[in-house]
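Have a look at the structure below, then the notes.
The values are calculated or read from the model by the stated rules, or taken from the named source; none is laboratory data. Since we're looking at a predicted model, the values are computed, not measured. Glycine gets a Cβ as well: all are built from the backbone with ideal geometry, and neighbour counts include every protein chain shown.
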Amino acid sequence: MNEERKSTMQRDEQMIEETPEVREEEAKEAPAIDEVAELKVQVEEYKDRYLRSCAEMDNMKKRLARDKQDIVKYGTEKLLKEVLLVYDAVEKSLHTAIERHPEDEQFIQGLKMTEKLFLETLKKNQVEPIKTHDVPFDPRYHEAMMQEQKDGVPKGMVIRELEKGFMVHERVLRPAKVTVSS
């Protein structure tokens with residue numbers, strides 16, 4: 001029994017001696033496990049940032065492409081507005097010639113042809129006149145300059161066009177100046 005006792009005691013001593021080492025190894029592994037968990041959290045965070053950055057980059061590319069299309073599509077607006085001033089002069093000349101010199105048919109015909117050419121040229125550049133005859137007033141397309149009562153015309157209808165309005169593509173280039181029934 002003595003030998004058994006010695007053997008047991010030796011085992012106990014070995015366990016006691018091993019225990020601090022085991023504890024040290026366990027203590028070393030515990031921070032390693034914490035570090036791994038921390039690193040996994042960081043990886044997930046970086047992955048999320050990366051995906052958000054990619055999405056933001058895609059959105060920016062789409063926005064830039066859309067802006068570029070708009071510049072190409074509407075880049076001529078300023079020039080077209082200036083050209084409309086010339087059209088207005090031709091149109092006013094035509095109306096004045098009809099009022100003051102109705103006998104000068106060749107001159108009036110020449111002004112009509114010039115106006116027609118102007119409108120055709122504008123149409124080739126996707127500029128269309130805004131409709132104003134027999135339509136209800138719409139503040140998106142019309143600018144009311146006056147109100148007038150007119151028998152047989154419902155309230156809020158466009159009665160007269162004072163200045164022609166135009167649209168380029170689906171955007172108002174210049175609203176039509178009109179008289180509205182009251």
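Please state which one of Thr114, Thr121 is more than 24 Å from Thr179 (Cβ to Cβ), in contact with a Ser or Thr (Cβ under 9 Å, 6 or more places away or on another chain), surrounded by 10 or more Cβ atoms within 10 Å (Cβ to Cβ) and outside the structural domain of Val158 (by TED's automatic domain parsing). Thr114 is the lone residue from the list that is more than 24 Å from Thr179 (Cβ to Cβ), in contact with a Ser or Thr (Cβ under 9 Å, 6 or more places away or on another chain), surrounded by 10 or more Cβ atoms within 10 Å (Cβ to Cβ) and outside the structural domain of Val158 (by TED's automatic domain parsing). Residues of the stretch 62-81 that are aliphatic (A, V, I, L, M) and touching a strand residue (DSSP E or B) at 6+ places or on another chain (Cβ under 7 Å): Leu80 alone.
Considering only residues that are surrounded by fewer than 17 Cβ atoms within 10 Å (Cβ to Cβ) and within 22 Å of the chain's Cα centre (by Cα), which ones fall in the stretch 150-182? If the condition is that a residue be surrounded by fewer than 17 Cβ atoms within 10 Å (Cβ to Cβ) and within 22 Å of the chain's Cα centre (by Cα), then His169, Glu170, Arg171, Val172 are the ones that fit.
If we scan the stretch 68-78, do we find a residue that is exposed (fewer than 13 other Cβ atoms within 10 Å of the Cβ) and not in a helix (DSSP H, G or I)? Yes, that holds for at least one residue. Contact map, the stretch 143-157: first residue under 23 Å from Arg174 (Cα atoms), second residue modelled with pLDDT under 90, Cβ cut-off under 9 Å, separation 6 or more or different chains; pairs are Gln147/Ser182; Glu148/Ser182; Gly156/Ser182; Met157/Asp134; Met157/Lys150.
Taken together, Glu35, Glu45, Glu56, Glu99 contain a single residue that is surrounded by 10 or more Cβ atoms within 10 Å (Cβ to Cβ), more than 32 Å from the chain's Cα centre (by Cα) and acidic (Asp, Glu), which is Glu35. The residue that is farthest from the chain's Cα centre (by Cα), among those in the stretch 102-117 that are under 25 Å from Glu128 (Cβ atoms) and among the polar types (S, T, N, Q), is Gln109.
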